[in-house]
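The values are calculated or read from the model by the stated rules, or taken from the named source; none is laboratory data. Quantities reported herein were computed from a predicted structural model and do not represent experimental measurements. With ideal geometry, Cβ positions are generated from the backbone for all residues, glycine too; neighbour counts draw on all protein chains shown. Please note that ligands, DNA and RNA were not included when accessible areas were found on the heavy atoms of the full protein model with its side chains. Shrake-Rupley method; radii C 1.70, N 1.55, O 1.52, S 1.80 Å.
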Amino acid sequence: MSVENAAHLKAHSELWRITADLWDRWEPEVKDSTGLKNQFDAARQWAEYIGSGHWPDLDLLPLGRIGPSPHIGSDRPTRLTWDEQITLMTLWTMFRSPLIFGGDLTSLDECTLNLLTNAEVLAVHRASENNREVFARGDHIAWAADVPDSADKCLALFNLGEARARVEIPFRELGVSRACVVRDLWAHQDLGPFQDSFTASLDPHAAGLYHLTPRNTF
């Protein structure tokens, strides 16, 4: 669907696809398909139209065992690396895209099951507000969202590059003028207080998802 038709789509449908078919590749390799890296541009364009009763859809989750299909032949594990799988789930969560599983549930492995059922991550997908891209600086991307009835923020940092990198965000870019306590939602780990900014060291194609709680003092 074209973003020029967003108002019509919101008025007449609850869910619509915004990209070509997504396969389990960082870059697209099949004609009329898209890769995970391309989904960031689509999410940026459609973010303002996310909301209850109207959901732009980034397509299914090509995780676990996939196939058989005319495109891939017999079934096989996803070709996305573990970091890329985290990136996919983090972007879909912050964009609040419908979570439509594209693998074989009958052969679901424990790692994929944990990826799909992380309660802290799913809480962001279910209830966050004002979801938006904060910046795209080369290969470094940040998304943020508000926690309802709270000054807290949800934060996602992405490294789309081919080398490990430190991705930093000053809290002022989130509209926060105080120090924050940061929790890593994928790791279920409290990272402690940070005064003015937060930096994540991310492997290539990796992402982090965090909960930030502003504090006056520590």
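The table that follows gives values for the structure above.
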{"item": "Exposure rule at most 16 other beta-carbon atoms within 10 Å, DSSP loop GluC sites (Glu not before Pro): the chain longest free segment", "result": "30-161"}
{"item": "Accessible heavy-atom area order of H140, H205, highest first, probe of 1.4 Å", "result": "H140, H205"}
{"item": "Exposure ranking of D149, D21 by accessible area [1.4 Å probe, largest first]", "result": "D149, D21"}
{"item": "Residues A187 and L108, FRET efficiency given R0 of 25 Å [Cβ-Cβ distance, rounded to 0.05]", "result": "0.70"}
{"item": "Exposed-loop-free span, longest in the chain, where trypsin sites (Lys or Arg not before Pro) count as exposed if DSSP calls them loop and at most 11 other C-beta atoms lie within 10 Å", "result": "32-163"}
{"item": "The range 49-133, accessible area per residue, ligands and nucleic acids excluded (1.4 Å, Å²)", "result": "44"}
{"item": "Distant-in-sequence amide H partners of A179 (H built 1.01 Å from N, under 5 Å)", "result": "R215"}
{"item": "Extension gain, T117 back to E27 (0.36 nm per residue minus Cα-Cα distance, nm)", "result": "29.8 nm"}
{"item": "Value of relative contact order over the chain, rounded to a whole percent, pairs C-alpha under 8 Å and six or more apart", "result": "16"}
{"item": "For the chain, average projected area of the Cα convex hull in nm²", "result": "12.7"}
{"item": "Pairwise centroid distance, computed over Cα atoms, of the range 160-218 with the range 1-66, Å", "result": "26"}
{"item": "Chain lengthening between R132 and L15 when straightened (0.36 nm per residue, less Cα-Cα)", "result": "40.3 nm"}
{"item": "Sulfur and carbon atoms: percent of accessible area, the range 81-138 [1.4 Å]", "result": "55"}
{"item": "Span-like helix ranges in the chain, DSSP H, alpha carbon extent 18 angstrom or more, Kyte mean at least 0.0", "result": "82-95"}
{"item": "Under 25 Å from K153, Cα to Cα: lysines that are on another chain or at least 8 residues apart", "result": "K37"}
{"item": "Potential extension, E173-M1 segment - 0.36 nm per residue separation minus Cα distance", "result": "58.8 nm"}
